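For reference, the structure is listed below as structure tokens.
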Amino acid sequence: MAGPNFEISQKFPKKSKFDRVNLTQSLLKAAKLGGVKKFIYFSTIHVYDGNEELRINEKTPPKPIDNYSKFHLAAEKEILKFSEDYDFKIHILRLTNVIGYPTSKDTNCWHLVSNDFFKQAVTESQIIINSSPLTKIDFIPISGLCKLIVYLLKNNVKNNIINVN
């Protein structure tokens, strides 16, 4: 889950690509050497943003339109190749908006819509929506994501890409 966010990926594309792709490769190698049995990668549902289709699934071809999504997809490709080359178990989770409280008030996540709403409610006693009211966003609770991770770790699930939305 560590890596450049959307804003950083747009501002610093070269470093962000290195951090996302090359460091993922390093993590894969270290995991294999360390005897890790399964590797779970947290990607983004935004790899589909260029698709015209309203409904997507895991068979929908990715069409990333920004650096953040492009770099995630590049990392996914490295993970899939590594898995094939070394018979290594992997799961790629393409996440939507996960709601959970930040570990610190200093965490750089207050621009995310759910966190922004919570912060405004507490600090301003009101919530102002700063985007189009027609925007549709789905959310999943962090507890749901945690349950999925536990399931993947405890069960012999084949290598896969899962849209978590």
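The values are calculated or read from the model by the stated rules, or taken from the named source; none is laboratory data. All values derive from a computational prediction rather than experimental measurement. Every residue, glycine among them, receives a Cβ derived from its backbone with ideal geometry; neighbour counts consider all protein chains shown. Side chains included, ligands, DNA and RNA excluded: accessible areas come from the protein's heavy atoms. Shrake-Rupley method; radii C 1.70, N 1.55, O 1.52, S 1.80 Å.
Which count do you get for residues in region 114-136 that are surrounded by 10 or more Cβ atoms within 10 Å (Cβ to Cβ) and of a type in the set (D, E)? So that I can check it myself, show each step before the final result.
Just the residues of region 114-136 that are surrounded by 10 or more Cβ atoms within 10 Å (Cβ to Cβ), to begin with: 114-121, 127, 129.
Pick out the ones that are also of a type in the set (D, E) and you get 116.
Total satisfying the criteria: 1.
From the set of residues in region 137-158 that are part of a loop (DSSP other than H, G, I, E, B) and open to solvent by less than 100 Å² (accessible area, probe 1.4 Å), which is modelled with the lowest pLDDT? Talk me through it step by step, then tell me what you get.
Here is the first cut: in region 137-158, the residues part of a loop (DSSP other than H, G, I, E, B) are 137-138, 155-158.
Subset that is open to solvent by less than 100 Å² (accessible area, probe 1.4 Å): 137-138, 155, 157.
Working: I137: 74, D138: 79, N155: 92, V157: 89.
Per the stated criteria, the residue is I137.
Can you name the residue in region 43-55 that is open to solvent by 40 Å² or more (accessible area, probe 1.4 Å) and either at pLDDT 90 or above or β-branched (V, I, T) (or both) and, of all such residues, is farthest from F88 (Cα to Cα)? Outline the logic, then answer.
Taking region 43-55 first, the residues open to solvent by 40 Å² or more (accessible area, probe 1.4 Å) are 46, 49, 52-55.
Filter again for either at pLDDT 90 or above or β-branched (V, I, T) (or both), leaving 46, 49.
Numbers: H46: 25, D49: 29 Å.
Here the answer is D49.
Say we look at region 83-101 and pick out the residues that are under 23 Å from K154 (Cβ atoms) and open to solvent by 20 Å² or more (accessible area, probe 1.4 Å); which of these is modelled with the lowest pLDDT? Working first, answer last.
Filtering region 83-101 for residues under 23 Å from K154 (Cβ atoms) gives 83, 86-95, 98, 100.
If we keep only those that are open to solvent by 20 Å² or more (accessible area, probe 1.4 Å) too, we end up with 86-87, 89, 98, 100.
On the way: Y86: 90, D87: 85, K89: 93, V98: 83, G100: 77.
Ranking the qualifying residues of region 83-101, first place goes to G100.
Filter region 64-84 down to residues that are hydroxyl-bearing (S, T, Y) and in contact with a helix residue (DSSP H, G or I) (Cβ under 7 Å, 6 or more places away or on another chain) and give me whichever is farthest from N160 (Cα to Cα). Break it down into steps so the answer makes sense when it comes.
Within region 64-84, the first condition is being hydroxyl-bearing (S, T, Y), and the residues that meet it are 68-69, 83.
Filter once more, so that each one left must be in contact with a helix residue (DSSP H, G or I) (Cβ under 7 Å, 6 or more places away or on another chain): 68-69.
Numbers: Y68: 21, S69: 19 Å.
So the residue we want is Y68.
Considering region 1-21 alone, what residues qualify as being free of Cβ contacts under 8 Å to residues at least 12 places away in the same chain and surrounded by 13 or more Cβ atoms within 10 Å (Cβ to Cβ)?
Quick first cut of region 1-21, residues free of Cβ contacts under 8 Å to residues at least 12 places away in the same chain only: 2, 8, 11-12, 14-15, 18.
Within region 1-21, I8, F12, F18 meet the criteria.
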